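Single-structure report; data block below.
Values in this text are rule-based calculations from the coordinates and carry no lab data. Since this is a predicted model, take the numbers as computed values, not measurements. Glycine also receives a Cβ, built like all others from the backbone with ideal geometry; neighbour counts cover every protein chain displayed.
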Amino acid sequence: MRDLRLDILDTLPSLPEGCLLPGDPEYGEVVGAVVRPLLGGLEGNPFRKLAWLHAETHAALAEAAHGIEPGMDGEEVQAVVRGSLTRRRLESNLVLVAGNGQEGHLHPLYDRSYRIEPDSMAKLVAGTRFAELIVSASVMVGFGRAPDGRRTRTYRALQQGAIEYADCYRPGAVEREIYEEIGRRFARLEAELDLPGFGASAYAHHLGGPTSPLGNRDYLVEKDGTRVMFPWMQFAVNPVEVLFNAKVELQGLVLPKGPPLILGGSSRIEPGRLTFAHLTAAGGTTGLVPGIILRP
């Protein structure tokens, strides 16, 4: 230790030629290309960890959905969610709760001023991490009477819209192309299911985007964006429909060719707590999409 020398500088030292700095224009693209792909693809240990984290997060939200009751305020609800996450030893950097009156909030912060009413729809969202992997998940919880036909049809359209959106994540796809295509697909669902106004749901919420150890969303897909999707990058989409403000969330992987892989969230859920619809997009992507948890 006697040979140890420590220098403290308040200016950047000279660096070798070719060294990439955070201020360089290409810094974000290069770092993303390094950290965004899932190492080992579907055969590596990171994929097993990601699949486990995704399933455990859905199991925690499903358990919490059956543990909350009308009369609870937002702080009490988030405590139930965090309890479910903690019992599974899931680190969480985000819990959102939409109680009665917060239905239209895109990112509802839990608040003691808002409660779950006997005849209402609540929204539970969690962002979780395991080692270098990140998952974002959402569930809808309905209390009281079952949703009527139009509301059920709207949620069904949202489920299909989510799988259609995820279907756009292909190797070489450019974000502005994805942006345009989801608008076309949501408009088609509006016409097919006779839901005037539903097409606007394509752009009601932020458009999701790639995920990685960098954050819950590395960036959001933009209308005029030029960034390109590439094999083994992770992504998450979470559209919100504009008629009743329900939300659906999916997470997946861009594969080297063809449709993306949509992570399944059902494997660790106790029977009867959360159902999934097995849906197929126009381009061939298939996946399990969460349904509404109905509570008496």
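Extent along the principal axes, Cα only, for the range 37-125: 46, 25, 20 Å, with the longest axis given first.
For the chain, what does -39500 (n - 2.57) per DSSP helix run (n ≥ 4), summed and divided by total residues, give at 222 nm, in deg cm²/dmol to the nearest 500? Intermediate results must be reported in sequence, preceding the final value.
Numbers: 5 runs with 81 residues, N = 296.
So the helix-based figure for the chain works out to -9000 deg cm²/dmol.
Using a ≥ b ≥ c from the Cα gyration tensor of the range 1-160 (square roots of the eigenvalues), is it rounded, prolate or oblate, where a/c under 1.5 gives rounded and otherwise the larger of a/b and b/c decides, a/b for prolate?
Prolate is the answer for the range 1-160, as a/c is 1.5 or above and a/b outweighs b/c.
Using the Cβ-Cβ distance between Tyr27 and Val228 with R0 set to 22 Å, the FRET efficiency works out to roughly 0.85. For the chain, the relative contact order is 19 percent, taking Cα pairs closer than 8 Å that sit 6 or more residues apart in sequence and dividing their mean separation by the residue count. The Cα center of the range 1-37 and the Cα center of the range 109-170 differ in position by 41 Å. Farthest toward the positive end of the dipole of the range 46-179, out of Ala173, Gly71, Gly142, is the Cα of Ala173, where the dipole comes from beta carbon charges about the Cα centre. Rounded to two decimals, the Cα-based Rg/Rh of the range 145-296, with Kirkwood Rh, is 0.96. The 3J(HN,Hα) values that the Karplus relation (6.51, -1.76, 1.60; θ = phi - 60°) gives for the range 224-230 are, in residue order, 10, x, 10, 6, 10, 7, 9 Hz. Gly and Pro appear as x. Model label points for Glu75 and Thr152, set 7 angstrom from Cα along the Cα-to-Cβ axis, are 3.9 nm apart. Projected onto their three principal axes, the Cα atoms of the range 36-295 cover extents of 49, 43, 31 Å, largest first. Taking only the C-alpha atoms of the range 87-181, Rg followed by Dmax gives 16.6, 48 Å. Sparse packing (at most 15 other Cβ atoms within 10 Å of the Cβ) combined with a DSSP loop state is found for the following trypsin sites (Lys or Arg not before Pro) in the range 182-227: Lys223.
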